[in-house]
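The values are calculated or read from the model by the stated rules, or taken from the named source; none is laboratory data. The structure presented is a predicted model; accordingly, all values stated were derived computationally and were not measured. Cβ coordinates were reconstructed from backbone atoms using ideal geometry, including for glycine residues, and neighbour counts include every protein chain displayed. When the accessible area is computed, the model is the full protein with side chains, heavy atoms only, and any ligands, DNA or RNA have been set aside. Shrake-Rupley method; radii C 1.70, N 1.55, O 1.52, S 1.80 Å.
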Amino acid sequence: MKKFNRTLVTTALPYANGPVHIGHLAGVYVPADVYVRYLRMRGEDVLLIGGSDEHGVPITIKAQKEGITPQDVVDKYHNIIKNSFEGLGISFDVYSRTSSPTHHETASEFFKSLHDKGEFIEKSSEQYYDEEANQFLADRYITGTCPHCKSEGAYGDQCESCGTSLNATDLINPTSSITGNKPILKETKHWFLPLDKHEDDLKKWILEDHKEWKPNVYGQCKSWLDNGLHPRAVTRDLNWGVPVPVKGAEGKVLYVWFDAPIGYISATKEHTPEWEKYWKQEDTRMLHFIGKDNIVFHCIIFPAMLKAEGSFILPENVPANEFLNLEGDKISTSRNWAVWLHEYLEDFPGKQDVLRYVLTANAPESKDNDFTWKDFQARNNNELVAILGNFINRAVVLTHKYFEGKVPAAGEYNDFDKETLEAIPSLIEKVEKNLETFHFREALKEAMNLARLGNKYLADTEPWKVIKTDEERVKTIMNICLQISTNLSTLLEPFLPFTAEKLRGFLNIEPLAWEKMGAQVIEAGHSINKAQLLFEKVEDTTIQAQVDKLLATKAANEAAAKPVTPAKENINFDDFMKMDIRVGTIVEAEKVAKTKKLLKLTVDTGIDKRTVVSGIAEHYKPEEIIGTQVSILVNLEPKKLKGIESQGMILMAEDADGKLAFVSPDKVVKPGSEIR
RNA sequence: GGCGAGGUAGCUCAGUUGGUUAGAGCGCAUGAUUCAUAAUCAUGAGGUCGGCGGUUCAAACCCGCCUCUCGCUACCA
């Protein structure tokens with residue numbers, strides 16, 4: 001086992017085109033914060049690094065849409081994000097941003113260093129260029145007709161209507177979304193990082209030396225490595241980002257994925273002049289907390305960058321979480337299907353720990369999980385209020401009732417007392433073990449077991465009965481309850497920092513160091529304060545209001561559902577007559593092997609029986625459609641698909657959800673009948 | 001279709017290199033209790049461990065096939 005003297009924890013940089021939601025929190029920030037708080041309490045040298053990712057095309061597009069500058073966009077969201085993290089008690093040592101001067105400098109130097117060492121490949125290719133705007137166009141800036149489904153408004157990287165990913169050069173009638181002009185193809189040079197060069201090193205490092213990584217992380221890396229790595233472009237033609245610091249690269253910036261992880265380094269630099277200690281010394285344990293969408297960047301690409309540079313250490317572990325769903329649906333920023341952190345903090349003032357608790361207890365550690373408001377309420381009312389809050393309240397109230405709020409001295413322990421006290425260290429140990437292996441939900445459960453232990457102890461000793469006959473015995477009982485309470489204030493601190501502080505207020509104590517936890521942590525004679533409630537119940541109406549808010553979002557989304565595509569340009573009758581559309585009868589149908597969507601159909605067109613390959617396998621089963629009459633375009637030039645020549649196209653009606661339906665005659669007609 | 005991750009009690013999840021009656025929390029039922037925000041404590045019910053087949057003295061765990069969910073990827077004339 002390697003010995004580490006300090007720990008550097010990075011958290012995925014949230015993209016500054018929207019606020020942070022519970023999915024980000026459950027996947028990355030809450031577990032990272034719990035982990036770091038724990039290490040700090042143990043007196044370890046640890047840094048928690050974060051920052052906003054502020055470059056990239058989506059931000060420039062958002063700015064353009066709203067008629068403001070990209071800087072305005074990122075300023076707005078950076079502030080919202082930063083403040084809401086603070087509000088939830090995510091204890092960043094530094095929360096920076098990639099538009100900062102330090103970052104520009106750092107990223108620039110990093111690129112230059114790799115460039116000077118000859119770690120890049122230079123390649124030229126033809127890309128679309130807008131002559132009026134005088135710039136190359138990012139894929140997202142080009143729209144046109146999708147070559148597959150023929151719908152207009154497809155982007156250069158993807159058609160949103162049929163979901164196909166495209167190359168910009170595939171688009172029919174490409175237009176620049178900056179000026180509306182037709183772009184020209186122009187040669188441009190880019191720099192590529194040859195990942196393949198580092199393949200063997202990465203293979204050994206991950207597949208052999210880090211078998212302990214979580215299965216989802218290890219598996220995805222293995223999949224990438226087994227498929228072979230390829231060079232990846234690290235620059236883009238864009239004016240928002242870190243300029244490429246070499247001659248002949250005017251108008252080019254670093255690609256976001258290259259620039260963003262360097263943000264971890266820049267942020268560390270901003271925090272401390274001793275940043276190199278954290279990034280370059282072998283006795284540093286570096287950990288990347290991320291969501292599963294970021295696994296390859298942090299396990300393969302960024303390490304390849306660091307290795308190419310040469311002086312940096314690689315991460316020790318990458319505890320990536322899966323995704324959190326919301327009320328059964330995927331969280332989505334664009335569909336506003338989310339619980340936004342800044343809104344939660346407004347709607348539930350003083351309840352930061354409730355969210356922290358629920359997200360930890362239900363974290364998607366091994367598979368995707370679902371957040372529901374009902375579960376939120378249940379965990380608050382049945383666990384935080386009933387188990388933890390209640391125990392503390394009982395202990396404090398009884399101490400005031402019997403001993404004027406002074407911690408009574410314990411007398412002789414009986415066997416049950418000893419047993420109870422001895423259970424404390426073993427619980428602590430379980431919490432530690434789980435925290436250190438990134439099992440946060442289990443760690444939290446074990447920590448809560450200390451409160452359960454307290455409740456059980458009270459139920460078994462019954463001080464409210466014993467007080468009538470044996471006050472001395474009750475002194476011991478209450479002493480032990482307060483020892484447990486004091487331990488709770490430390491044990492729960494990583495998970496529930498606000499509650500821990502509140503609890504210390506009730507007990508009138510200073511923070512207790514992690515190592516100090518045990519059987520004797522609060523002294524006899526010490527005065528404690530009057531009890532207040534540690535947690536309040538969450539009422540049905542509160543939860544209903546949140547559910548209603550989501551239902552409203554859903555309704556709004558449906559109302560705003562895709563507008564009907566506007567009519568295309570007029571054509572003349574001759575144009576129309578060029579198309580030969582017939583009624584055909586499907587006589588055979590079978591699935592095309594090794595595809596998900598394709599069916600191979602034999603259609604009786606009246607003219608002949610011909611083969612047509614159609615992407616309808618997800619909507620129709622082969623055996624169900626034999627005998628169905630459909631519309632078929634018979635004079636479309638043939639095209640080979642998966643090795644089968646498709647002679648014609650079956651006409652399909654497609655709704656906004658992408659559901660397909662045949663266009664069929666309403667009564668049987670003779671195959672070959674013309675449609676016009 | 002390929003690759004990866006999952007499918008264990010009503011819900012959310014643990015199950016170490018295969019080894020006796022498969023565990024926890026919440027929910028549910030019954031009982032106890034009243035110090036406490038009707039909060040607690042005890043006991044119990046509830047599982048052909050996704051399905052089928054195989055290896056083995058022994059399979060939730062290993063192998064093969066199938067099936068469903070999530071992610072990446074190919075296919076949509």
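Scan the range A:380-400 and tell me whether some residue there is under 24 Å from residue A:507 (Cβ atoms), of a type in the set (Phe, Trp, Tyr) and in contact with a Ser or Thr (Cβ under 8 Å, 6 or more places away or on another chain). Yes: the range A:380-400 contains one or more residues that are under 24 Å from residue A:507 (Cβ atoms), of a type in the set (Phe, Trp, Tyr) and in contact with a Ser or Thr (Cβ under 8 Å, 6 or more places away or on another chain).
Is it true that residue A:269 is in contact with an Asp or Glu (Cβ under 6 Å, 6 or more places away or on another chain) and either at pLDDT 95 or above or part of a loop (DSSP other than H, G, I, E, B) (or both)? Give the derivation first.
Numbers: in contact with an Asp or Glu (Cβ under 6 Å, 6 or more places away or on another chain): no; either at pLDDT 95 or above or part of a loop (DSSP other than H, G, I, E, B) (or both): yes.
Considered against the rule, which asks whether it is in contact with an Asp or Glu (Cβ under 6 Å, 6 or more places away or on another chain) and either at pLDDT 95 or above or part of a loop (DSSP other than H, G, I, E, B) (or both), residue A:269 comes out as no.
Looking only at residues in the range A:281-293 that are over 21 Å from residue A:311 (Cα atoms) and crowded, with 22+ Cβ neighbours inside 10 Å, the one that is nearest to RNA strand B (Cβ to nearest atom) is A:290. Restricting A:445, A:502 to residues that are closer than 17 Å to residue A:389 by Cα, at pLDDT below 95 and within 11 Å of RNA strand B (Cβ to nearest atom) narrows the list to A:445.
Would you check if there is a residue in the range A:19-28 being surrounded by 24 or more Cβ atoms within 10 Å (Cβ to Cβ), modelled with pLDDT of 95 or more and either part of a helix (DSSP H, G or I) or touching a helix residue (DSSP H, G or I) at 6+ places or on another chain (Cβ under 7 Å) (or both)? There is no residue in the range A:19-28 that is surrounded by 24 or more Cβ atoms within 10 Å (Cβ to Cβ), modelled with pLDDT of 95 or more and either part of a helix (DSSP H, G or I) or touching a helix residue (DSSP H, G or I) at 6+ places or on another chain (Cβ under 7 Å) (or both).
Being closer than 27 Å to residue A:431 by Cα, of a type outside the set (S, T, N, Q) and without any contact (Cβ under 8 Å) to a residue 24 or more places away in the chain narrows it down to one residue among A:539, A:493, A:510; which is it?
So the residue among A:539, A:493, A:510 that is closer than 27 Å to residue A:431 by Cα, of a type outside the set (S, T, N, Q) and without any contact (Cβ under 8 Å) to a residue 24 or more places away in the chain is A:510.
Taken over the range A:375-400, residues that are touching a helix residue (DSSP H, G or I) at 6+ places or on another chain (Cβ under 9 Å) and more than 6 Å from RNA strand B (Cβ to nearest atom) amount to 12.
Only one of the numbered conditions (1) surrounded by fewer than 16 Cβ atoms within 10 Å (Cβ to Cβ); (2) of a type in the set (S, T, N, Q); (3) part of a strand (DSSP E or B) is not met by residue A:113, and that is (3).
Taking the criterion of being more than 12 Å from RNA strand B (Cβ to nearest atom), open to solvent by less than 70 Å² (accessible area, probe 1.4 Å) and within 22 Å of residue A:674 (Cβ to Cβ), the residues of the range A:587-624 that qualify are A:587, A:602, A:604, A:605, A:606, A:608.
Give A:66, A:54, A:105, A:86 a once-over and let me know the one that is open to solvent by 10 Å² or more (accessible area, probe 1.4 Å) and modelled with pLDDT under 95. Talk me through it step by step, then tell me what you get.
Values: A:54 fails: open to solvent by 10 Å² or more (accessible area, probe 1.4 Å); A:105 fails: modelled with pLDDT under 95; A:86 fails: modelled with pLDDT under 95.
So the residue among A:66, A:54, A:105, A:86 that is open to solvent by 10 Å² or more (accessible area, probe 1.4 Å) and modelled with pLDDT under 95 is A:66.
Quick one: count up the residues across the range A:500-534 that are open to solvent by less than 50 Å² (accessible area, probe 1.4 Å), outside any helix (DSSP H, G or I) and in contact with a Pro (Cβ under 7 Å, 6 or more places away or on another chain). Counting residues in the range A:500-534 that are open to solvent by less than 50 Å² (accessible area, probe 1.4 Å), outside any helix (DSSP H, G or I) and in contact with a Pro (Cβ under 7 Å, 6 or more places away or on another chain) gives 1.
So how many residues does the range A:466-483 have that are among the β-branched types (Val, Ile, Thr), at pLDDT 95 or above and more than 12 Å from RNA strand B (Cβ to nearest atom)? Within the range A:466-483, residues that are among the β-branched types (Val, Ile, Thr), at pLDDT 95 or above and more than 12 Å from RNA strand B (Cβ to nearest atom) number 2.
Test residue A:210 against the criterion of being open to solvent by 10 Å² or more (accessible area, probe 1.4 Å) and within 30 Å of residue A:364 (Cα to Cα), and give yes or no.
Values: open to solvent by 10 Å² or more (accessible area, probe 1.4 Å): yes; within 30 Å of residue A:364 (Cα to Cα): yes.
Criteria met by residue A:210.
Listed residues A:623, A:588; which is over 16 Å from residue A:648 (Cα atoms), outside any loop (DSSP other than H, G, I, E, B) and more than 36 Å from the chain's Cα centre (by Cα)? Walk me through how you get there before you give the answer.
Details: A:588 fails: over 16 Å from residue A:648 (Cα atoms).
Testing whether each residue is over 16 Å from residue A:648 (Cα atoms), outside any loop (DSSP other than H, G, I, E, B) and more than 36 Å from the chain's Cα centre (by Cα) leaves just A:623.
For the range A:520-540, check the following and say yes or no: at least one residue is among the aromatic types (Phe, Trp, Tyr) and within 14 Å of residue A:393 (Cα to Cα). Explain how you work it out, then say what you get.
If we filter the range A:520-540 for residues that are among the aromatic types (Phe, Trp, Tyr), which is where we start, we get A:535.
Filter once more, so that each one left must be within 14 Å of residue A:393 (Cα to Cα): A:535.
Taking every residue of the range A:520-540 in turn, at least one turns out to be among the aromatic types (Phe, Trp, Tyr) and within 14 Å of residue A:393 (Cα to Cα).
Collect the residues in the range A:385-437 that are at positive phi and either within 40 Å of the chain's Cα centre (by Cα) or of a type in the set (Asp, Glu) (or both), keeping them in residue-number order. Break it down into steps so the answer makes sense when it comes.
Initial filter on the range A:385-437 (at positive phi): A:404-405.
Hit for the range A:385-437 is A:404, nothing else.
When A:130, A:116, A:93 are checked against the criterion of being within 30 Å of residue A:345 (Cα to Cα) and not hydrophobic (A, V, I, L, M, F, W, C), A:93 stands alone in meeting it.
Residues being within 14 Å of RNA strand B (Cβ to nearest atom) and under 20 Å from residue A:389 (Cα atoms) are represented in the range A:342-352 by at least one member.
Residues are listed down the side, and each one gets a yes or a no for (1) modelled with pLDDT of 85 or more; (2) closer than 30 Å to residue A:339 by Cα; (3) in contact with a Leu (Cβ under 6 Å, 6 or more places away or on another chain); (4) of a type in the set (Lys, Arg):
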position: A:581; (1), (2), (3), (4): yes, no, yes, no
position: A:585; (1), (2), (3), (4): yes, no, no, no
position: A:603; (1), (2), (3), (4): yes, no, no, no
position: A:609; (1), (2), (3), (4): yes, no, no, yes
position: A:620; (1), (2), (3), (4): no, no, no, no
position: A:634; (1), (2), (3), (4): yes, no, no, no
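Within the range A:213-261, can you find the residues that are among the polar types (S, T, N, Q) and surrounded by fewer than 23 Cβ atoms within 10 Å (Cβ to Cβ)?
A:216, A:220, A:223, A:227, A:239
The residues of the range A:315-325 that are outside any loop (DSSP other than H, G, I, E, B) and in contact with a His (Cβ under 8 Å, 6 or more places away or on another chain) amount to a single one, A:317.
I'd like to check something: does the range A:455-465 contain any residue that is away from RNA strand B (no atom under 12 Å from the Cβ), surrounded by fewer than 22 Cβ atoms within 10 Å (Cβ to Cβ) and either among the acidic types (Asp, Glu) or over 30 Å from residue A:91 (Cα atoms) (or both)? No, the range A:455-465 contains no residue that is away from RNA strand B (no atom under 12 Å from the Cβ), surrounded by fewer than 22 Cβ atoms within 10 Å (Cβ to Cβ) and either among the acidic types (Asp, Glu) or over 30 Å from residue A:91 (Cα atoms) (or both).
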